[in-house]
Amino acid sequence: MVITFANQKGGTGKTTIAIAFANYLSVNGIGLKVFDCDFQESIHEKYTFDISSGKTPLYDVIYLDHDSIPDVDNLIEMSDSEELFVFDLPGSLDVNYVNLLHYSDYLIIPFEYSDVSMKSTIRFNEFLKVISAESQRIFIRSKFDKGFSYPNKESFDSYLKEEAKYNRQVSIIEHPIYKRNVLQTIDTCSLTYRQKEAVIDAFKQVLELIKTPIVS
Amino acid sequence: MKTFFTLVIVTYIAYYAINIIYDLFIKKESKVNDAGLDEIVIAEENYAAQNISIDEVERVSPPDSFMINEMYSENGDEHVDLDLDFLEKKYEEEELLDNAFSENSANEIEEDGSDSTSKLRDQFEDGEDISINSPMKNNKNMSKEQFEDFLKLAKDISNDDIERVFSIDSNKRYYPAVAVNI
């Protein structure tokens, strides 16, 4: 199975959520491999730092540059495999990532309620529609502050609900990923209680959608 | 009186002597900007550029010697001697220019992809399945040009949704202006 964290807007929390997600699956006994496709190598750097600090990462992280991204045949093979492959894409759209967007089993799309993030998320969704991407799209609220009243939140939620209503490929995670400082210090070796608390409700709902049996 | 003239002459000589010393030893040479050496000035300093519309060009009345009547005499009813070879050559050259222009335009449209994007947009607006244009339908890689086309189309299509999401006033919060004493 291939799960890709993507959004054409940078800074929406893709990498942090991808690490938290991979950690959550790993600590619950699901083996996986993480592929870091972001040129900033954020996950890969954390992984190598963790190893050099004498810690034991929960999974392997492999950095992939433009030329190393799996081709169509490899992606189809990975998708059919019982192994779980998690990809983290950079916050930009590029022709090199189109196959991943198309052939991933699930695209997890974190977004914020900022104006730029909502606009980019709409554009990203329309792009996936026009290329007829086969992947299931899971929209997830990121860095959510429940004490803040976000302008245009309701109208953006209506847009997503409408998308989900007419397109079976679109799902919206009801529980947000909360804005928590503890997520800033996440590594590839563990998921602390406070970190788990920030993501667990959202991840449980994601796992229900992707039908992966997880004992929480 | 003699003293006065002596003073004037001495002052005169001193003034020019100081000027010569200044020019020879103190004055710095001004640097010449090489970039401006090829510049040709074709107008006077007070020349001001003007925008001229095509209508003004059409209304320009050139001297009579510029006017060539190729087909008819001045009264319009009597044929003049025609230089058919000259006219044929001129016609061919004009055709060549016209064709060259239209070919260039077509190439430009093809290069920036706007033509293929508008074709995609038309298909989309007509409710056709544009996914048939996607190479991934046949498990092939998307080219950069195709990617740009789809990206442009997605951007165009998303504008309506963006406008809708951001134009619902009931969901916007307005903050009162705060008076600040400075």
Residues within segment A:7-61 that are over 30 Å from A:Lys119 (Cβ atoms) and not hydroxyl-bearing (Ser, Thr, Tyr), tallied
18
Among (1) out of contact with any Leu (no Cβ under 6 Å at 6 or more places or on another chain); (2) at pLDDT below 90; (3) not small (Gly, Ala, Ser), which single condition is A:Val130 missing?
(1)
Could you please find all residues in segment A:187-214 being outside any helix (DSSP H, G or I) and surrounded by 20 or more Cβ atoms within 10 Å (Cβ to Cβ)?
A:Thr188, A:Leu191
So, in segment A:102-127, of the ones that are crowded, with 22+ Cβ neighbours inside 10 Å and aliphatic (A, V, I, L, M), which residue ends up farthest from the other protein chains (Cβ to nearest Cβ)?
A:Ile108
Looking at segment A:161-177 only, could you name the residues that are surrounded by 15 or more Cβ atoms within 10 Å (Cβ to Cβ) and facing another protein chain (nearest Cβ under 10 Å)?
A:Glu163
Starting from residues that are over 18 Å from A:Ser42 (Cβ atoms) and within 11 Å of another protein chain (Cβ to nearest Cβ), keep the ones in segment A:79-95 and report whichever is surrounded by the fewest Cβ atoms within 10 Å (Cβ to Cβ).
A:Val95
Among all residue pairs at least 6 apart or on different chains, which show Cβ distances below 7 Å where the first residue, located in segment A:42-54, is over 14 Å from A:Ile186 (Cα atoms) and the second is surrounded by 18 or more Cβ atoms within 10 Å (Cβ to Cβ)?
A:Ile51/A:Pro57
Residue hits (segment A:42-57; buried (at least 18 other Cβ atoms within 10 Å of the Cβ) and either within 14 Å of chain B (Cβ to nearest Cβ) or in a loop (DSSP other than H, G, I, E, B) (or both)) are A:Pro57
Single residue of segment A:58-77 satisfying the filter (part of a helix (DSSP H, G or I) and within 14 Å of chain B (Cβ to nearest Cβ)) that is nearest to A:Ile186 (Cα to Cα)
A:His66
Tell me whether segment A:134-142 contains one or more residues that are part of a loop (DSSP other than H, G, I, E, B), touching a Pro at 6+ places or on another chain (Cβ under 8 Å) and within 30 Å of B:Val165 (Cα to Cα).
yes
Conditions (1) under 18 Å from the mean Cα position of the chain (by Cα); (2) of a type in the set (S, T, N, Q); (3) surrounded by fewer than 16 Cβ atoms within 10 Å (Cβ to Cβ); (4) assigned to a loop (DSSP other than H, G, I, E, B); number of the one not met by A:Gln184
(4)
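The values are calculated or read from the model by the stated rules, or taken from the named source; none is laboratory data. Just so it is clear, the model here is predicted, and its values are computed rather than measured. With ideal geometry, Cβ positions are generated from the backbone for all residues, glycine too; neighbour counts draw on all protein chains shown.
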